[in-house]
Amino acid sequence: MNTDDSSWWPMGDGVLCNAASQTYPSCNTFTHALSFFNKIEGSQATARQTAELLRSVISQQRVPYTNQAGALIDAVKAIGEQLIAANPVELAVGNIVRRVLHIIREEDLSLTTAAIGGLNLSAVSDDENDDDRDGDSTLSAAAVAAAARSTLRPPSLQTLLEDTPVSAAVPQTSSSGGDSEGKSKSADKSSRSRKLKHDVIEAVNELIQDIVTCHEQIAEQAVEHIHQNEVILTLGSSRTVLEFLFAAKEKKRSFRVFVAEGAPRYQGHLLAKELVARGLQTTLITDSAVFAMISRVNMVIVGAHAVMANGGVIAPVGMNLVALAAQKHAVPFVVLAGSHKLCPLYPHNPEVLLNELRSPSELLDFGEFSDCMDFGSGSGSPLLHVVNPAFDYVPPKLVSLFITDAGGHNPSYMYRLIADYYSADDLVVQRRATAGN
């Protein structure tokens with residue numbers, strides 16, 4: 001691939017990205033890319049764009065003969081740090097960065113394990129003396145013990161293999177075969193480097209596909225949870241909830257939906273219109289009417305902004321009110337969330353920004369706000385303060401069930417599910433300090 005063309009722009013650490021790609025069609029610097037990235041709305045779109053950008057980073061990253069996975073991890077962390085800083089409230093960004101780091105570690109471990117198996121197989125098939133067999137046995141035991149530890153923790157499995165003396169790994173050969181053996185090892189390292197990048201990119205492609213199809217995978221489970229003549233309550237607007245409810249209707253389930261409007265942005269109005277357009281019986285209510293209507297509801301089904309490691313939910317403002325009403329009346333509170341929203345951090349972690357304050361103009365227009373200014377004092381300080389938080393935190397004790405693209409799970413099981421997607425070494429996305437720093 002020709003990287004001399006001006007359509008390729010630097011992203012740091014020798015990484016190049018194609019400015020003509022679908023992800024960033026008009027960016028010619030990484031700063032512009034971050035500016036564009038920060039304007040993306042929605043966790044799914046953000047997660048997909050993050051994965052596609054990191055795939056490009058991995059594709060263009062040049063890796064050394066040694067510690068190829070470490071070079072890829074450093075490149076991903078370098079970009080990941082900036083992406084997270086550009087949009088700290090959107091936890092899906094950090095989730096995808098950590099997922100990609102986990103993929104790199106898993107693929108490197110897989111290749112290293114295969115290499116260990118190849119060494120053991122060649123050792124058994126060769127006709128060696130007893131001393132050589134004892135040496136290979138020792139090598140195998142050490143390699144297997146290393147494989148039991150987390151990959152890439154110094155010393156890594158790859159480093160152990162590459163630093164193993166040739167005399168211990170393979171039978172001694174004559175000096176005449178030294179050059180050919182060196183060329184063979186060099187070619188093998190180059191092949192392994194290409195194999196690692198190829199496997200990582202394939203795995204990231206699968207991750208992107210899972211993100212794209214998460215709504216459909218969650219919706220397939222609707223018929224198991226929504227039954228005939230039930231009343232469902234939701235709040236605000238969520239495409240996941242929309243597809244979930246519509247999938248139940250497609251299975252000939254007849255039910256009614258109460259939609260709380262989700263002030264002050266009134267996203268519930270949009271959801272109500274979509275539901276009616278798809279033929280579902282819908283009733284729009286105010287947020288303050290939730291407690292009055294909850295006794296008529298069979299189940300609450302809502303979306304989420306993020307699901308934390310303890311099973312707590314970061315959701316649109318007003319959701320905690322709905323969860324408390326559901327608990328008071330013993331109504332199941334069900335949360336729909338794609339796997340890209342599962343965050344390995346806890347709410348108390350300093351890396352987690354739980355909330356953001358939106359513009360006061362969503363509650364008051366400028367004229368109303370200016371009337372409350374104390375111009376007589378000369379300071380112009382307002383007598384009225386407007387607080388407009390974007391999110392609520394719902395503790396796990398208020399959640400009855402999580403439905404993800406991997407199935408339904410109790411809140412107490414979420415930490416196990418999250419552990420399958422992330423590595424403990426990547427909870428804090430930060431590059432290793434170099435010797436010069």
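The table below lists the values:
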quantity: Breaking point among (1) at pLDDT 90 or above; (2) out of contact with any His (no Cβ under 7 Å at 6 or more places or on another chain); (3) of a type in the set (A, V, I, L, M, F, W, C); (4) surrounded by 12 or more Cβ atoms within 10 Å (Cβ to Cβ), for VAL386; calculated: (1)
quantity: Residues of the range 305-321 classified as of a type in the set (A, V, I, L, M) and in contact with a Pro (Cβ under 6 Å, 6 or more places away or on another chain), total; calculated: 3
quantity: Residue among ALA330, ALA337 that alone is touching a residue at least 12 places away in the same chain (Cβ under 8 Å) and closer than 29 Å to VAL223 by Cβ; calculated: ALA337
quantity: Near pairs, Cβ below 7 angstrom, 6+ apart or cross-chain, from the range 390-414 (within 17 Å of HIS348 (Cβ to Cβ)) to any residue that is of a type in the set (S, T, N, Q) and crowded, with 16+ Cβ neighbours inside 10 Å; calculated: ASP392/ASN320; TYR393/ASN320; VAL394/ASN320; PRO396/ASN310
quantity: Per-region count, the range 232-261, residues in contact with a Ser or Thr (Cβ under 9 Å, 6 or more places away or on another chain) and assigned to a strand (DSSP E or B); calculated: 5
quantity: Condition met for LEU196 (crowded, with 19+ Cβ neighbours inside 10 Å and either under 25 Å from GLU52 (Cβ atoms) or at pLDDT 95 or above (or both)); calculated: yes
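The values are calculated or read from the model by the stated rules, or taken from the named source; none is laboratory data. Everything numeric here is computed off the predicted structure, so don't read it as measured data. Don't worry about glycine lacking a Cβ; one is built from the backbone with ideal geometry, like all the others, and counts go over all protein chains shown.
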